[in-house]
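In what follows, a structure is listed as C-alpha cells, so that the remarks can point back to it.
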Amino acid sequence: MTQKKPWGGRFSAPTHALMESFSASVNHDRRLYRHDIRASIAHARMLAKIGVLTEAEFSAIESGLNAIRDDIERGDFQWDESLEDVHMNIEAKLTGRIGEAGKKLHTARSRNDQVAADMRLYLRDQLDGLGRALSALQRQVVQIAAAEAATIMPGFTHLQSAQPVTFGHHLLAWNEMLERDYERLRECRARLNFSPLGSAALAGTGFAIDRAMTAAELGFTGPCRNSLDAVSDRDFAIEFAAGAALLMVHLSRMAEEIVLWSSDAFGFIALGDAFSTGSSIMPQKKNPDVAELIRGKCARVNGNLAALLMLMKAQPLAYNRDNQEDKEALFDSVDTLHQCLEVCTALLPEITLDRERMRAAAALGFSTATDLADYLVGRNVPFREAHEVVGRIVGFAEQKGLQLAQIDLADLRGFCAVIEADVAEVLTVEGSVAARAHPGGTAPARVAEAAEQALRQLNSRDM
C-alpha cells in the first residue's frame, strides 16, 4: 500500500506511478542513514532545549531512532520507494513506532537543510577514511623508497632515456604527488565542516533555535553563515570530486609506470601472481590487470567531477531537485577511490625488482651526457660550447656503437683537450646519481634522508 506523502496536504490526486519511480532516491541515498539519524538526534535534543519537545518526547525520539538504526544494520528495515528518500523512510518508521512525538521531529527544519547536513557528515567521515587509506599507501611507497635509495634506474623525459636516477628517488616523486592529494582532502574537509541545520528550506526558521548547539554536537566548526547558500550549494561535493579526480590521475600515472616496467620491453619489475591475470588463449601471458583497472577507473572518477560541475552550473538559488543527482556521482567517486587505494597499497609489496636490468638500462642512451657537459664546464668551458662538444662525442659514440664510458680517453681528448682521466668517474651511472647531492636530488644519501623525513611526517598524522 502506498504511504501517504508527508507533503501531501496540498494535493488532491495521488502521485503517478512513473513519478514515484522517477523521483525516488532511496535506493542510493539510504547509505546516509547513520548520518541522518545522528543529525536528527542532535536536532531533537536542541528542540528539547528550546522547549519545542518535552524531555519525554526527546527520549522517545532518541530511543526510536537508535532502534531504527539497529534495524537497518541488522537488515530488518523495509525501505519504501513511495516515501522517496532515506529521510522520509526513517521519519515514517519513527512515527509508526513512537506515535505523535515522531511527527514533531521535523519542526524547524526542512529536507533541504537535513540532506545538506547528512551529506556533509557522510563526506567528512569518508574523507577521514580516505585520508587513512592514502596515508597507508604513502607509507608503502616511502618504505620501498628507503629500501631502494641506491637502486639505479633510468630517468625518462618524453619516455626517452634522459639521466640516471634511483628507484627510491622515483618513488618519492610518487609520494610528493600523493602528499599534495592528502593536503587537498584535508583542506576539503575543513571547508565542508559547517552545519546547514537551522537553514530550513532556504530562509531559516521562526523558532528560536540554537544552531551552535547542533553544530557542536555534530562536530562541525560552526553553523553555515547564510541559509540560502547552506541548502543550495554542493561545492563541497564538487571540491571533493575534484580532489578525487586529481588523486586518481596520480594513481593512474603510477599504474601506467607499473604496466610499462612490468612489460617484456622494460623488464624492471615483476608483479606478484596474486595481482596478475592470465590469458584465455595465450598460456605464457601474465597481465597487469590490476594496474590497468586503476588506470581505467580514473576515467569514471573524472567523469563524476564533470557531472557534478554540470549539475550545479545553471541552478538558481536556492534548493532545486537537480541536487538529488549529486549522490550517485559522489558515492561512486568515494567507493572507487577507496578500492583503488586499498588495491594499490596491497599491490606494491608484491612487486619484485630486477635491479641489474634497471642499472643496465640506466647506462643506455648516453644518459651521462649531461654529466660530461658539466665536467667540461667545471674546466672553464662555457656551457653552450660544452653542450656542442658533448653532442659531437655522442654522435661519434653512435657511429662506433659505444656508450660514453667505453670511449678511449685519447678519442675524448680529440674533441676537447681539457678532458683528463678523471672523466671516467662522471661517466658512470653511479657517479651521475652521486653528483646530485643537493636537497631534492637523486643521490642515494639524499634519497635516504628524504624517505626518513617523509616517514616522520606520515607518522605524525592524527588520522
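The values are calculated or read from the model by the stated rules, or taken from the named source; none is laboratory data. The shown structure was predicted, so the numbers you read here are calculated from the model rather than taken from an experiment. Note: ideal-geometry Cβ built from the backbone for every residue, glycine included; neighbour counts use all protein chains shown. Surface accessibility is based on the protein's heavy atoms, side chains included, excluding ligands, DNA and RNA. Shrake-Rupley method; radii C 1.70, N 1.55, O 1.52, S 1.80 Å.
Its Kirkwood hydrodynamic radius, worked out from the mean inverse distance over all distinct Cα pairs, puts the range 244-339 at 15.6 Å. Taking a point 7 Å out from the Cα of ARG379 in the direction of its Cβ, the residues of the range 415-431 whose backbone N falls within less than 11 Å of it are 415-424. Taking each residue as 0.36 nm, the span from GLU81 to PHE207 lengthens on full extension beyond its C-alpha to C-alpha distance by 42.2 nm.
Once the Kirkwood radius over Cα pairs is known for the range 170-313, the Stokes-Einstein relation at 20 °C and 1.002 mPa s delivers a diffusion coefficient of 115 µm²/s. Within straight-line reach of LYS313, meaning a Cα separation under 15 Å, sit the following aspartates and glutamates at least 8 residues removed in sequence or on another chain: ASP229, ASP233, ASP235, GLU239, ASP322, GLU325, ASP326.
The slack in the chain from GLU292 to GLN315, taken as 0.36 nm per residue of separation less the alpha-carbon distance, amounts to 4.6 nm. Short-range pairs are left out: with C-alpha atoms under 8 Å and at least six residues apart, the relative contact order of the chain is 17 percent.
For the range 97-106, just list the computed ³J(HN,Hα) in residue order, Karplus coefficients 6.51, -1.76 and 1.60, θ = phi - 60°, integers in Hz, with x standing in for Gly and Pro. Ordered by residue, 3J(HN,Hα) equals 8, 10, x, 4, 4, x, 6, 8, 4, 7 Hz. Amide hydrogen proximity for MET153: with H placed 1.01 Å from N in the peptide plane, the residues at 5 or more positions away or on another chain lying under 5 Å are VAL165, THR166, PHE167. Residues whose amide H comes within less than 5 Å of that of ASN287, counting only those at least five positions distant or on another chain, are THR277, GLY278 (H built at 1.01 Å from N in the peptide plane). In terms of overall dimensions, the C-alpha atoms belonging to the range 291-433 reach 79, 40, 26 Å along their principal axes, ordered largest to smallest. Annotation for ARG355 and GLN399: the two label points, set 7 Å from Cα along the Cα-Cβ direction, are 3.9 nm apart. Just how many % of Cα pairs in the range 123-241 lie over 24 Å apart, if you round to the nearest whole percent? Everything past 24 Å amounts to 50 percent.
Here's the list of lysines a cross-link from LYS297 could span, going by alpha-carbon distance under 20 Å and ignoring same-chain residues fewer than 8 apart: LYS327. How much of the calculated P(r) for the range 86-178 lies past 15 Å, in percent of all Cα pairs? Across the range 86-178, Cα pairs with separations above 15 Å total 74 percent. With respect to the chain, whose longest principal axis is taken over its alpha-carbon atoms, helix 235-261 is tilted by about 30°. The angle separating the long axis of helix 444-459 from the principal Cα axis of greatest extent in the chain is about 10 degrees.
The ratio of the alpha-carbon radius of gyration of the range 356-412 to the globular-protein estimate 2.2 N^0.38 Å is 1.16. Helix 289-312 axis versus longest C-alpha principal axis of the chain: approximately 50°, rounded to the nearest ten. Computed over neighbours whose Cβ is under 15 Å from that of SER263, the net charge equals -2, Lys and Arg +1, Asp and Glu -1. What share of Cα pairs, in percent, lie more than 32 angstrom apart in the chain? Result for the distance tail: 55 percent.
Surface composition of the chain: carbon plus sulfur atoms hold 53% of the accessible area, using a 1.4 angstrom probe and ignoring ligands, DNA and RNA.
Compared with the direct C-alpha span, the chain from VAL418 to GLU430 gains 2.1 nm at full extension, assuming 0.36 nm per residue. Extending 7 Å from Cα along the Cβ direction at ARG31 and again at ARG253 yields two label points whose distance is 2.8 nm. The alpha carbon centroids of the range 440-456 and the range 105-175 are separated by 19 Å. Count the net charge of all other residues whose Cβ sits under 14 Å from the Cβ of GLY99, scoring Lys and Arg as +1 and Asp and Glu as -1. In short, +1. Rolling a 1.4 Å probe over the protein heavy atoms gives the chain an accessible area of 47 Å² per residue.
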